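To start, the structure under review is shown below, and the notes come after it.
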Amino acid sequence: SSGINAEYGMACATLSVRDIPLLIRLVVGSLDLTPRHEAPPPTTVAKAHLDSSEIPILTLPEQIMTNGDGLLKFASWPFSISSNIQVVCVEIKRLHVLTPNLTHLFSSPLGDFFWTLVCPAHWANVRYLSADWLDKNPEQRARHAQQLISAELNIPALKLTCHDVNEHKKTIVKQQAQSVDIDSLVRQVIEVLPNIPESEIRADLMRTKDTTQTIYNLVKNCP
């Protein structure tokens with residue numbers, strides 16, 4: 001999807017690799033230019049837009065929100081749209097009464113938008129960086145832009161991509177699900193062997209993942 005955005009006093013078209021929540025689109029006045037289902041690749045949409053409009057395109061090459069401690073590897077597709085590219089470093093600070101973790105691993109665009117409304121004041125520092133695109137392919141342009149912004153913000157340029165972050169999130173969800181299953185198994189074993197310490201039951205279940213086998217092991221090892 002793409003939309004019209006007038007942040008920082010400059011109109012631009014924004015492309016998103018995932019759907020923008022309806023509430024946010026309604027509030028900021030975003031206009032969808034692509035169908036909701038079976039949308040063409042973002043590069044196709046972007047090139048078609050530039051062929052028919054003078055409004056520039058704003059892309060976010062990290063493709064996912066982070067906590068700002070590091071800069072994810074930039075996707076190369078935004079740098080294949082055109083050779084006329086302006087690198088912009090945007091640093092936003094918020095004034096808030098509480099000190100919550102405003103952006104965490106499972107943050108969503110809607111949650112980030114909520115904090116934008118709740119925080120009483122925001123400071124945006126927009127810096128336009130010069131870059132040399134001569135004789136560079138899209139991959140090299142992406143790497144060069146990442147290095148420029150990394151140096152400007154004084155944060156490390158990571159080799160991790162948004163796909164790596166998503167896989168890490170899946171791993172955490174899976175581990176949490178397994179933890180819940182272990183708790184349930186522990187309760188089942190306690191019902192059968194209430195005199196066995198919970199720590200011993202949990203330790204054995206972490207190895208066996210099976211209540212029958214754990215009950216057998218604990219009974220066998222009972223003095």
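The values are calculated or read from the model by the stated rules, or taken from the named source; none is laboratory data. Computed from a predicted structure; not experimentally measured. Backbone-built Cβ (ideal geometry, glycine too); neighbour counts: all protein chains shown. Please note that ligands, DNA and RNA were not included when accessible areas were found on the heavy atoms of the full protein model with its side chains. Shrake-Rupley method; radii C 1.70, N 1.55, O 1.52, S 1.80 Å.
Below, the figures for the structure above:
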{"item": "Options VAL45, VAL97, VAL87; residue that is modelled with pLDDT of 80 or more and not hydroxyl-bearing (Ser, Thr, Tyr)", "result": "VAL87"}
{"item": "Residue in the stretch 110-125 that is more than 30 Å from ILE215 (Cβ to Cβ), open to solvent by less than 90 Å² (accessible area, probe 1.4 Å) and modelled with pLDDT of 85 or more present", "result": "yes"}
{"item": "Selection count, the stretch 59-96, where residues are under 26 Å from GLU167 (Cα atoms) and hydrophobic (A, V, I, L, M, F, W, C)", "result": "9"}
{"item": "Those residues of the stretch 200-223 which are open to solvent by less than 100 Å² (accessible area, probe 1.4 Å) and not in a helix (DSSP H, G or I), in sequence order", "result": "ASP210, CYS222"}
{"item": "Residue list for the stretch 160-181, filter: at pLDDT below 85 and aliphatic (A, V, I, L, M)", "result": "ILE172, VAL173, ALA177, VAL180"}
{"item": "Search result, residues across the stretch 143-170 that are closer than 19 Å to ILE85 by Cβ, aliphatic (A, V, I, L, M) and open to solvent by 60 Å² or more (accessible area, probe 1.4 Å)", "result": "ALA151"}
{"item": "Selection from the stretch 62-80 of residues that are within 17 Å of ALA151 (Cα to Cα), open to solvent by less than 50 Å² (accessible area, probe 1.4 Å), part of a loop (DSSP other than H, G, I, E, B) and at pLDDT 85 or above", "result": "GLU62, GLY70, LEU72, PHE74"}
{"item": "The listed residue being touching a residue at least 60 places away in the same chain (Cβ under 8 Å) and not acidic (Asp, Glu), out of LEU158, LEU218", "result": "LEU158"}
